1. Please work out if R178 is outside the structural domain of D98 (by TED's automatic domain parsing) and among the charged types (D, E, K, R).
2. Scan V112, V95 and give me the residue that is surrounded by 22 or more Cβ atoms within 10 Å (Cβ to Cβ), in the same structural domain as V7 (by TED's automatic domain parsing) and within 16 Å of L37 (Cα to Cα).
3. If you check A226 against the conditions, is it part of a helix (DSSP H, G or I), modelled with pLDDT of 95 or more, surrounded by fewer than 21 Cβ atoms within 10 Å (Cβ to Cβ) and among the aliphatic types (A, V, I, L, M)?
4. Go through the range 193-223 residue by residue and tally those that are of a type in the set (D, E, K, R) and either part of a helix (DSSP H, G or I) or not assigned by TED's automatic domain parsing to the domain that holds A165 (or both).
Amino acid sequence: MKSILLVVGQNEQMPSAFETARLAASLLDGVVEGVALPPAFKVAAGSTAAVATPMHDRNGAEYTRWLRQSFEDYARQHSTEPAGVTRFRWRDGSVIQDAALGSLARVYDLTVLNRPGTGGGRMAALESVLFESGRPILMAPPSPPKSFAQTVVVHWNASTEVSRAISMAMPILRKAKRVIVLSVEGTMVPGPAGQDAVSHLQAHDVAATEKTIGSRGQRPGAALLAEARAQGADLLIKGAYTQSRLRQMIFGGATQHVLAAAELPVFLVD
């Protein structure tokens, strides 16, 4: 897991994405490559037309240079690597549209982007990578994390999605100090128990433990995040959308809650 794509956009939470990508690259001995996302669009009051609203009135080339400059400024300020070692580089070219991110991400081991929402990233960009790349996402929390993958919680619900997530996250799991395989009542599908997942991880030299919790009167996603916080986790590994997206949008679900409320980095695989 050496090549890391960092989606650089115009939002208030970019410092967290920068830091999340840097910590991941440091752990994995990888390289972060930045790519520019176009400015957000919104519908003006009394209008049905969507208009771009960049921070300043720049044309496309200037906007891209501005994003690249913020990326390079961060890299310069936070580079502690030995001389000649480059952890950050910029992918040349124009901005890339949300829908094209998924295909680009196919040639990277991991894509880092901001959590969707006000002040953060865009759901369209996240879903493009999640559903079209076949590669994992590392979703940055709103605030820059202080550590990464020291204590990892794996949300085990016996699904094919979490099985793929564990397989793809193995380079991270092998470096973690603690790994908790966490099952939450109300999120399980037919399949192996959490202890079976622990045995699988142990066979790959990952010292994991298993825990099962109830919903505690909360929705499963809220219980999952509360337990991750109680464990002091600095990474959550999760399979995305075991239930259909439509069902989760209507009735709610663990993935929808995590996408809306996670305050720690989240490793997602569909």
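The values are calculated or read from the model by the stated rules, or taken from the named source; none is laboratory data. Values in this document were obtained by computation on a predicted structure and should not be read as measured data. Note that we place each Cβ from the backbone using ideal geometry, even for glycine, and neighbour counts take in every protein chain shown.
1. Judged against the criteria, R178 is a match.
2. Checking each option against the conditions leaves just V112.
3. yes
4. Residues in the range 193-223 being of a type in the set (D, E, K, R) and either part of a helix (DSSP H, G or I) or not assigned by TED's automatic domain parsing to the domain that holds A165 (or both): 1 in total.
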